[in-house]
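Colleague: Okay, here's the structure, questions in a sec.
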Amino acid sequence: MSTDSAIPMVDLTAQHAPLMAELREAIERVVASGHFILGEEVERFESEIASELGVAHALGVSSGTDALLLSLMALDLAPGDEVITTPFSFFATTACIQRLGLRPVFVDIEEHSFNLDLSRVEAAITERTRALLPVHLYGQLLEPQALRALCERHGLRLVEDAAQAIGVSRDGFAAGSVGDYGCFSFFPTKNLGCFGDGGLVTSREGGLADRARLLRGHGARPKYHHLEVGGNFRLDAIQAAVLRVKLPHVRAWNAARRRNADRYDTLLAAAGLPESRLRTPGRVHPEHNFHQYVIRSDRRDALRNHLREKGIASEVYYPLPLHLQPCFRDLGYAPGDMPRAERAAEEALALPVFPELGEERLRHVATTVIEFLGAGG
Ligand SMILES: Cc1ncc(COP(=O)(O)O)c(C=O)c1O
């Protein structure tokens, strides 16, 4: 392989190529039906994905962001109520808390998993704390029993941001089945992505699922009679049809990502570099879906530039922790408040790990990383 060949972070064209006939047929079926919003296609998708994921209830919604917003709305929290969450995630996680007039309270992450450090949550609970919103980051779950026990002990609602954790289980619990609600994203680059925006709310309990269903469609029941102010959080039928074609492949795609991650681990560890220079992802349970394969390096930015020069994509998830985002200035956090998240923001680098990457390109990425860091970066 030539060193200037482009290696992307994802290759959706390659993923869709073998499915094109089925995808076309699915889209044409919806167009022929003339029914574009919710309806039978969405209902079928909801029942298929609920059984695939091992969750009791599933509701197709307009995006992962809206899944979070809808879940928090459905829990009847009051303005000023505190929601404990992680400072190291995609912006939407905290934004949804803030948008509802709730108060995000950050607790730092664990060094090895990048996930919220549950051992530090109790110290952050006050009499205004009403909910916990952890993120199963990069496709690795927080400990389900510990999460539940903590929330039960303190009477907290639990919303899981499982946007990156589709198809992942830990200790017999599926992502999205642990809390009151689970929130998934079908953004095109996710492990299960649609052809636009889409998302899912899961719930373990019928009453909660029904309340989210009501709020998803402007709180109307029956049509044009509004019991509550909800929103338009509906999934459209074309996205559901596309997702129905792709859903049966998610297990195999997740398994291919895991195999790629194992190969990276082996190749990168063989270099024997000091941990500060190159650290492979910590694994806290076997069924990680490797939505992202994230290494750490004290030469992260130089490494990223070098990879770019060699035609290899990489990405920083996330360069600025949420407690330091300009729009959350009023929350009163300062640099140094969440040292682990801040260090992760400086050291984390995601390498291409998509299912279609293949051994040759993967080896080329690993070799390029090792050569650069081994030579002093
Ligand atoms: C952790 C996390 N939460 C929430 C979201 C929001 O999902 P969406 O982009 O579908 O709104 C994403 C993905 O973008 C995410 O990675």
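Colleague: Using alpha-carbon positions, what is the distance between the centroids of segment 97-131 and segment 166-197, in Å?
Modeller: What the calculation gives is 21 Å, centre to centre.
Colleague: Taking a ≥ b ≥ c as the square roots of the Cα gyration tensor eigenvalues, with a/c under 1.5 meaning rounded and otherwise prolate when a/b beats b/c, else oblate, which class fits the chain?
Modeller: Oblate shape, in that a/c is at least 1.5 and b/c is the bigger or equal ratio.
Colleague: Dividing the Cα convex hull volume of segment 1-117 by residue count, how many Å³ per residue is that?
Modeller: Spread over its residues, the Cα hull of segment 1-117 gives 210 Å³ apiece.
Colleague: So, one more: Label-point separation (nm) for Lys223 and Gln325, each offset 7 Å from Cα along Cα-to-Cβ?
Modeller: 3.7
Colleague: Another question, then. Quick one: net charge around Gly358, please, counting Lys, Arg +1 and Asp, Glu -1 for every other residue with C-beta under 13 Å from its C-beta.
Modeller: Net of charged neighbours comes to +1.
Colleague: Over segment 13-248, calculate the relative contact order: mean separation of alpha carbon pairs under 8 Å at least 6 apart, over the residue count, as a percent.
Modeller: Relative contact order for segment 13-248 comes out at 27 percent.
Colleague: Taking Rh as the Kirkwood radius, which is the inverse of the mean 1/r over Cα pairs, what is the Rg/Rh value for segment 181-324?
Modeller: My calculation of the ratio gives 1.09.
Colleague: Right, another one. Evaluate segment 250-374: find the radius of gyration of its Cα atoms, find its Kirkwood radius, and give the ratio Rg to Rh.
Modeller: Rounded to two decimals, Rg over Rh is 1.01.
Colleague: Something else: State whether segment 57-119 is rounded, prolate or oblate according to the following rule on the C-alpha gyration tensor (a ≥ b ≥ c being the square roots of its eigenvalues): a/c under 1.5 gives rounded; otherwise a/b larger than b/c gives prolate, and the remaining case gives oblate.
Modeller: Oblate, since a/c reaches 1.5 and b/c is not below a/b.
Colleague: What is segment 245-306 by shape, rounded, prolate or oblate, if you read a ≥ b ≥ c off the alpha carbon gyration tensor as root eigenvalues and call it rounded for a/c under 1.5, prolate for a/b larger than b/c, and oblate otherwise?
Modeller: It is prolate, given that a/c is not under 1.5 and a/b is the larger ratio.
Colleague: With a 1.4 Å probe and all protein chains kept in place, how much accessible area does Asp76 have, in Å² rounded to the nearest 10?
Modeller: 110
Colleague: Hey, another quick one. Based on DSSP H runs of at least 4 residues, each adding -39500 (n - 2.57), what is the mean residue ellipticity at 222 nm of the chain after dividing by all its residues, to the nearest 500 deg cm²/dmol?
Modeller: -11500 deg cm²/dmol
The values are calculated or read from the model by the stated rules, or taken from the named source; none is laboratory data. Treat the numbers as computed from the prediction; the structure is a model and nothing was measured. Heads up, the Cβs are rebuilt from the backbone with ideal geometry, glycines too, and the neighbour counts pull from every protein chain shown. The area values use the complete protein model at the heavy-atom level, side chains included, leaving out ligands, DNA and RNA. Shrake-Rupley method; radii C 1.70, N 1.55, O 1.52, S 1.80 Å.
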